[in-house]
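First the structure, in the form of structure tokens, and then the observations on it.
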Amino acid sequence: MLTTIHIVGIVLTVSLLVAVSVLSGRKVKDAKGFTTGGKAGSWMVCGAILGTLVGGQSTIGTAQLAFSYGLSAWWFTIGAALGALLLGLVYAKPLRGSGCTTVMEVVRKQYGRRAETVGSILFLIGIFISIMSQLLSSSAMITSLFGIPTGMALVIGAVLIAALVFFGGIRSAGAGGIVKLVLLYISSLAAGIAVWKLAGGMSGIGSGLDAVYSNPQIAAINDIGSAEDVHRRYGSLLARGPLKDLGGCLSLTLGVVCTQTYAQAIWSAASTAKARRGAVLCAALIPLIGAACTLVGIYMRGHYVTMAEYEAVTAAGASLPEGIGIIENSLQAFPAFIIAHLPSWLGGIALGTLLINILGSGSGLVLGAATIMTRDVYGNLMSLLGRNPRLGQLAQTRLSILLLLAMGVALAHFVRGAFINDLGFLSLGLRAAVLLLPLSIALWKPGRCNARAVTASMIVGSVVMLAAGLLHLPPDPMYYGLAGSALVLLVFR
């Protein structure tokens with residue numbers, strides 16, 4: 001139950017993060033100050049990457065997936081860490097030597113404006129999927145804090161994200177990113193340590209799983225047939241199948257390389273060596289957060305059931321095992337654990353950090369997507385028709401923000417039963433399917449492919465990947481997207 005101490009902790013933490021972000025943001029006088037200023041040290045680079053890479057998907061989403069599949073939920077943060085490592089060790093030098101400041105500028109410089117425009121529009125789809133996952137994460141937080149139904153929580157989350165965008169957003173760069181990193185790290189590790197103490201180690205965690213699945217209705221809903229099934233699922237890194245879990249990891253790894261936010265941190269570094277060290281630091285820190293959140297999800301599975309499971313048990317005339325609690329859905333696993341099992345003062349800090357991280361990441365995603373809609377969709381359409389836009393750029397951007405959030409709420413409500421991390425895998429994987437090969441060729445083999453082939457590869461890769469995702473083709477949509485993109489480039493280069 002939320003207490004006064006929780007609320008005070010949330011308010012103070014949010015206020016601190018807003019104040020630090022605003023004060024550190026004053027030091028940046030223009031966009032160049034961050035993208036090409038060349039002044040960021042290793043820890044600043046690490047904070048800039050980690051501040052956006054580790055958000056609702058890495059925490060709430062990881063605990064949600066662990067609630068159902070155990071250790072395999074760890075792949076999201078492992079993939080993110082490998083992506084940061086690949087970005088720093090392999091891509092940092094050529095990106096900084098390209099003479100560009102955005103990944104799409106690299107594309108335009110090599111393949112022309114048409115390829116840039118097509119890539120930007122397809123990127124918009126990937127960003128929109130991430131917006132939905134942030135809305136679902138925010139709804140989990142709001143529902144856990146205030147007991148509001150999921151549909152209403154989605155709307156409130158969208159309103160808060162819109163307010164942050166219009167306010168100017170909560171930036172993750174610089175000192176603000178480092179403060180968020182420290183608080184998020186403390187919160188996640190405190191939760192992991194609390195799980196270990198509460199359960200009494202791995203044996204206690206396993207006993208909790210055995211207890212909850214001793215109920216035949218709960219076991220049947222989750223396709224658990226025996227005690228061996230429980231330990232096989234929750235104790236395996238490949239519980240959803242080797243190709244499925246490794247495909248998700250690959251989506252994160254390659255998607256990080258192709259995303260402007262993370263590449264921008266590399267460009268901001270004072271030197272290539274500092275860019276690399278910052279990315280390596282990020283890669284070293286991320287998996288520990290994922291491990292802690294995975295432990296939380298598994299612990300919650302052994303001590304809580306969802307409302308749907310509770311209703312199935314009562315409908316069968318049975319009762320829950322003693323000591324088992326109820327949460328609305330698996331999305332609430334992490335915030336519910338914080339409220340119930342961390343000291344109130346620490347819980348308030350953790351909840352405030354999670355909330356502002358989710359909303360801040362959501363506002364950044366929405367603003368970036370709205371910019372693409374305004375510049376590359378509406379603006380290019382008006383140019384093609386030979387007309388001047390009826391609305392000013394500010395009005396276009398604001399309308400785009402409202403449209404994106406309205407669509408996001410509607411579709412997030414429709415897919416609210418999905419795993420947040422699966423949406424993250426799809427989002428990052430789609431970005432890789434669109435841009436990985438064209439970007440890599442432009443950096444290492446310029447002139448190897450023509451602009452038409454590159455544009456076609458972007459379209460085919462994204463369409464094939466989305467189709468595989470919608471049709472739920474095994475093992476993972478990433479394989480189809482990369483194969484489609486590569487095939488077009490091999491045949492028509």
At 20 °C and 1.002 mPa s, the Stokes-Einstein diffusion coefficient in µm²/s for the range 52-111, with hydrodynamic radius from the Kirkwood sum on alpha carbon pairs, is 157
Karplus ³J(HN,Hα) for the range 404-416 (6.51 cos²θ - 1.76 cosθ + 1.60, θ = phi - 60°; Hz, whole; x = Gly/Pro) runs 4, 5, 4, 5, x, 4, 4, 6, 5, 5, 5, 10, 5
The range 82-111 and the range 200-224 have their Cα centres apart by a whole-number Å value of 46
Note to self, the chain gives a 222 nm [θ] from helices alone (DSSP H runs n ≥ 4, -39500 (n - 2.57) apiece, / all residues, nearest 500) of -24500 deg cm²/dmol
Taking r as the C-beta separation of K109 and F492 and R0 as 25 Å, the FRET efficiency to the nearest 0.05 is 0.75
Rh (Kirkwood, all Cα-Cα pairs) for the range 409-493, Å, reads 13.5
Karplus-derived 3J(HN,Hα) from phi for the range 139-151 (6.51 cos²θ - 1.76 cosθ + 1.60, θ = phi - 60°), whole Hz, x at Gly and Pro, runs 5, 5, 5, 5, 5, 5, 6, 10, x, 7, x, 4, x
The range 240-390: spread of alpha-carbon positions along the three principal axes, whole Å, largest first, is 68, 45, 40
Answer in debye to the nearest 20: the dipole magnitude of the chain about its Cα centre, from +1 Lys/Arg and -1 Asp/Glu charges placed on Cβ, is 2500
Given a Förster distance of 45 Å, the FRET efficiency implied by the Cβ-Cβ spacing of R375 and V8, rounded to the nearest 0.05, works out to 0.60
Applied in sequence order to the range 276-285, the curve 6.51 cos²θ - 1.76 cosθ + 1.60 (Karplus, θ = phi - 60°) yields integer Hz couplings, x standing for Gly and Pro, of 5, 4, x, 5, 5, 4, 4, 4, 6, 7
For the range 194-278, the Cα-Cα pair-distance distribution in 5 Å bins from 0, as whole percents, is 3, 11, 13, 12, 11, 11, 10, 9, 9, 6, 3, 1
Rounded to the nearest 10 degrees, the helix 4-25 long axis (Cα) sits at an angle to the longest Cα principal axis of the chain of 10
In units of 2.2 N^0.38 Å, the Cα radius of gyration of the chain is 0.96
So A270 and T102, fully extended at 0.36 nm per residue minus their Cα-Cα distance, gain in nm 58.8 nm
Cα-only Rg/Rh for the range 49-193 with Kirkwood Rh rounds to 1.01
The farthest towards the positive end of the charge dipole of the chain, of the residues L250, L124, L189, given +1 on Cβ of Lys and Arg and -1 on Cβ of Asp and Glu, is L124
Place a point 7 Å from the Cα of V415 in the direction of its beta carbon; the residues of the range 244-264 whose amide N falls under 19 Å from it are 244-256, 259
Subtracting the Cα-Cα distance of L288 and K197 from 0.36 nm times their residue separation yields 31.0 nm
Here the gain from full extension of S207 to A340, 0.36 nm per residue of separation minus their alpha-carbon distance, amounts to 45.9 nm
The number of Lys pairs in the chain whose alpha carbons lie under 23 Å apart, excluding pairs fewer than 8 residues apart on one chain, is 17
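Where a number appears in this text, it was derived from the coordinates with a stated rule and is not lab data. These numbers come from a predicted model, not from an experiment. Cβ sites come from the backbone with ideal geometry, for glycine too, and all protein chains shown count toward neighbours.
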